[in-house]
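What follows is one structure encoded as structure tokens, with my remarks underneath.
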Amino acid sequence: MERIVNEKIKEHLPMIRSTMPIEEAEKLNAQHEFGAKYPDVVSVYSLGPVDATQGSPVYERAFSIEFCGGPHVSNTSEIEKGGTFKIQKEEAVAAGIRRIKAILVPNS
């Protein structure tokens, strides 16, 4: 997990926020919290590919597509400035669901 996250950070991938009807987001297979209630129009964040833009998100080649309501970086290069992604711990939160707690360790 750490290797994959750190690779994506170093690829300097754009993070694209799109707003769309929930039905359209579900057709994209955007990841979302099971059982959560979402409004009729949702924010969807897609990560990459490198040539993605706000006007052309390129969902079919995105590394990740997720429903989300929180703030994000506009490019993974912003995360790289903070250091290296390191998992501190992981734990079970429900049957088949794990929670990962991670930090950015400053580069020396």
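Computed values, structure above
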{"quantity": "Residues (over 21 Å from H12 (Cβ atoms) and either at pLDDT below 90 or more than 17 Å from the chain's Cα centre (by Cα) (or both)) located in the stretch 71-99", "calculated": "Q88, K89, E90, E91, A92, V93, A94, A95, G96, I97, R98, R99"}
{"quantity": "Selected residue [in contact with a Phe, Trp or Tyr (Cβ under 9 Å, 6 or more places away or on another chain) and closer than 25 Å to R98 by Cα] from E33, E7", "calculated": "E33"}
{"quantity": "Residue within the stretch 16-38 that is at pLDDT 95 or above, out of contact with any Ser or Thr (no Cβ under 9 Å at 6 or more places or on another chain) and within 30 Å of S108 (Cβ to Cβ) present", "calculated": "no"}
{"quantity": "First in the stretch 20-40 and within 18 Å of A94 (Cβ to Cβ), second anywhere and of a type outside the set (A, V, I, L, M, F, W, C) and in a loop (DSSP other than H, G, I, E, B), Cβ under 8 Å, 6 or more apart", "calculated": "H32/Y38"}
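The values are calculated or read from the model by the stated rules, or taken from the named source; none is laboratory data. None of the values given here were measured: they were computed from a predicted structure. Positions of Cβ are backbone-derived with ideal geometry, glycine not excepted, and every protein chain shown enters the neighbour counts.
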